[in-house]
Structures are given as structure tokens and as C-alpha cells.
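Below you'll find the structure, written out as C-alpha cells, and then a few comments.
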Amino acid sequence: MVHNYYQQAGGEDTVFSLEKSLLLDHGHTVSEYTDSNTRIELLGQINSAAQTIWSRSSHNAIRRIIQEVKPDIAHFHNTFMLISPSVYYACAEMGVPVVQTLHNYRLLCPNAYLFRNGAVCEDCINLKNLLPGVFHKCYRNSYAQSAIVAGMLGIHRLIRTWKNRIDLYISLTEFARQKFIQGGLPAEKIIVKPNFVASIDISDRTSLGDYALYIGRLSYEKGIDTLLSAWGRLQIPLKIVGDGLLRESVQKYAENSSFIEYLGQVSQKSVIDLLKKSRFLVFPSRLYEGLPMTILEAFSCGVPVITSDLASRSELIRDSETGILYTSSDPANLAVKAEWLWNHPEVSAEIGRNALHEYKDKYTPEHNYLLLQKIYQHVIEDKIH
């Protein structure tokens, strides 16, 4: 298993850790190769740029690991920035099949989110090149850094790395799969497998909960302004968990509100405890997202989710059955949906039960392990033949 950590921890790191533990728990031998973007400052901009396109050290390290442990398969979660696509070539040279999980839209978009100037953007997909991402400084608001990312993606498109050096891609949703096909990846090489979360003991969830809950990054793209604007119209207790660029604004808003409490960053155990005592989770993101772990955690706790109707959320949630959908970026509509659900506790309880059933059907470790094994077996057999 191979993973390049970002400078800030995120959901990809969690999935990497969970899948590694899942395989170990089922008796597999797992070797890992990791790097972290926290090293970028030490390397300097020129060296980092070169390594982003092709890392000789990662290439050689993967070859050494393969020689030593002789793996049946190599599963990649992230190679950006320092591991680089060179590792796919190392696997090909050594005859090891490659699986790549598509956690975000990096292969289609320099900033990985398909998001620009406060809204969804698909210019790089529609124009079949990455120049808009450079022109609009989509990566870290920098021409130079955007050009480095676009250059890496463009070079590996040109030499057909994405089509020829990866045996199978794992997409988290069918929505994302269609976007990658639209962006040029071979349809026959992309299979859908969702994320999963560990089962949670909810025997202590003895009531419907007495507050709404937000968990996530405090930023515009995550819809925190929509959330606060909606709650300006409501008299429903809301707890906000997380950190980000808008932390001070959220803090001040909460201090001036009788119904909003800002808790800051809390431990994972505290997140689960808060979820189990909540009436519902609010997920107002403006992003396409992948498959948000927070929503799966809410499902596993039998907690309804109110979320924007954007992209894969309509695939993940059946409106009024396993959650509630509202019009994206519309605080008035969010307020209407939240107030209605709060005032219909019997419906909230039923949706929570449906969400728990959905979790048990699709997002448990056991179900995910079976899917993962089928994927591995398929890729290994294809390689043999």
C-alpha cells in the first residue's frame, strides 16, 4: 500500500489507515511505502517540482520493496506530490499489478476539487486540457505552482501513464466514475467501491438527540456561510466542530447567537459521542466531494443527514428516506428543511433507522472487504492472463 500524506490531515489518510487495518485483520501481509508533503519546504521549489513529475527515489524504493516482499498487488491511495507517478512504472517493470483509488479529482483538475471562484468548475474537463487551471491559478492561487501540477498531469497524459500503467481505478461513487470517463480515463478500468467506517456501538443512543451538528472544515467551499445564514433564521440548537480559515468568523457568530455553540477541533471519540447525541447532521458542502466519511459515520450512528443536493450526495442519500436534500448554496431552503425535520421527530427517527440499514447494507468493514478482495482477485487474474 502506498500513500503520500498531505500537509494537513484529511479523509484520504483515514481511508488508507482503515483499509490497511482491514487487510491485516483478515490475515494479509501488508507492506507500506509513505511520504509526506511536509518535506516540501526542505526540498525547495525546484527539487519539489522535479520530484512531483518523476521521483527517482520513490521509483527505486518501490523496486526494493517489491524485490524484498514480492507482493501480489500494489494499491495506491495518493502519489501527489512527492511520491509521483514514477512508482507505477516501477510496478510495471517488476510485473506487479496496480490499483489506484481516486479519492479526489486530481487527474482532471490541478486543485483536485473541480471548484473555482466559489462554484463548481469543469473547464479543464470540457476543454480537454489543463491550461485553465494554470490561467486561473487554481493550485494555491499561484501561477508557478499551478503550472507544476498541470505540467505533471499533462506529461503523464502525453506518455499515457494514466491509461497504460494503472490496471484498475477505484472510484468512490458512480457520479465520480462518470466524471473520470468524461475526463478520458478508460471506462473499463474504473470500478465503484465506496469507503467504509467501523461499526459503532449505539446502544447508548437512547433519544433522538437535542441539537443539530456540523463537523468539518470551516471554509467557504464547505458551505459554512450557508449554514450560518440558515441558522440566523432558526431557533434550533447547533454545535459546530472543526477548524479552518473561517474559524474566527464562526467563533464570533456563535458568541452572538443563543443557539450556536462552537466546539473547535475535538478527538475522533468526541466526534462519535457528539454524533450519537445529535438529532441530525448538516453537511452543506459546495464541493462535488468524494464519499464523505462524516456522512458514513452519521449513517452508522443512525443519525439523519441534511445535505446539499449536489453531485454524489443525490446518489448517496435518498431524499426523505435516508436523509434530506436541500438546494445547494440556498440558506433559506436549508432552514426550511432543517426546521421541518426538527419539528417531525417521528420522521427523524425513521430516517435515522433507514440510514443505519443503509450503513449495514453498504458501508461496513465486512462488506468493503469482500468488494476489495474481488477487485484484487480480478486485477491479479487479468495480469496472469
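The values are calculated or read from the model by the stated rules, or taken from the named source; none is laboratory data. Please read these numbers as outputs of a predicted model, since none were measured by experiment. Neighbour counts run over all protein chains shown; Cβ positions are idealised from the backbone, glycine included.
Details
- Residue within segment 248-267 that is crowded, with 20+ Cβ neighbours inside 10 Å, free of Cβ contacts under 8 Å to residues at least 60 places away in the same chain and closer than 21 Å to Asn195 by Cα present: no
- The set of residues in segment 201-226 that are surrounded by fewer than 21 Cβ atoms within 10 Å (Cβ to Cβ), in contact with a Gly (Cβ under 9 Å, 6 or more places away or on another chain) and not aromatic (Phe, Trp, Tyr) comprises Ile202, Arg205, Leu208, Arg217, Ser219, Glu221.
- Cβ pairs under 7 Å, 6+ apart, first in segment 195-220 and in contact (Cβ under 8 Å) with a residue 12 or more places away in the chain, second exposed (fewer than 12 other Cβ atoms within 10 Å of the Cβ) and not aliphatic (A, V, I, L, M): Tyr220/Gly118
- Condition met for Ser229 (at pLDDT below 95 and surrounded by fewer than 21 Cβ atoms within 10 Å (Cβ to Cβ)): no
- Given (1) among the polar types (S, T, N, Q); (2) closer than 18 Å to Tyr376 by Cα; (3) assigned to a loop (DSSP other than H, G, I, E, B), index of the condition Ser21 fails: (3)
- Test for Tyr288: is it touching a helix residue (DSSP H, G or I) at 6+ places or on another chain (Cβ under 7 Å) and in contact (Cβ under 8 Å) with a residue 12 or more places away in the chain: no
- Residue, nearest to Leu370 (Cα to Cα), within segment 24-43, restricted to residues that are touching a residue at least 40 places away in the same chain (Cβ under 8 Å) and assigned to a loop (DSSP other than H, G, I, E, B): His26
- Taking segment 60-146 as the region of interest, the helices (runs of 4 or more DSSP H) fully inside it that hold 1 or more residues being assigned by TED's automatic domain parsing to the domain that holds Lys179 and touching a His at 6+ places or on another chain (Cβ under 6 Å) are 86-93.
- Which numbered condition Ala147 fails, given (1) among the aliphatic types (A, V, I, L, M); (2) within 30 Å of Lys362 (Cα to Cα); (3) buried (at least 17 other Cβ atoms within 10 Å of the Cβ); (4) without any contact (Cβ under 8 Å) to a residue 24 or more places away in the chain: (2)
- Restricting Thr173, Thr206 to those that are farther than 23 Å from Val336 by Cβ, among the hydroxyl-bearing types (Ser, Thr, Tyr) and in the same structural domain as Arg106 (by TED's automatic domain parsing) reduces the list to Thr173.
- Screening segment 257-327 for strands (runs of 3 or more DSSP E) wholly inside it with 1 or more residues that are within 15 Å of Gly216 (Cβ to Cβ) and not basic (Lys, Arg) returns the ranges 260-264, 280-283, 305-308.
- Set Leu208, Leu185: member being within 30 Å of Val250 (Cα to Cα) and either assigned to a helix (DSSP H, G or I) or of a type in the set (A, V, I, L, M, F, W, C) (or both): Leu208
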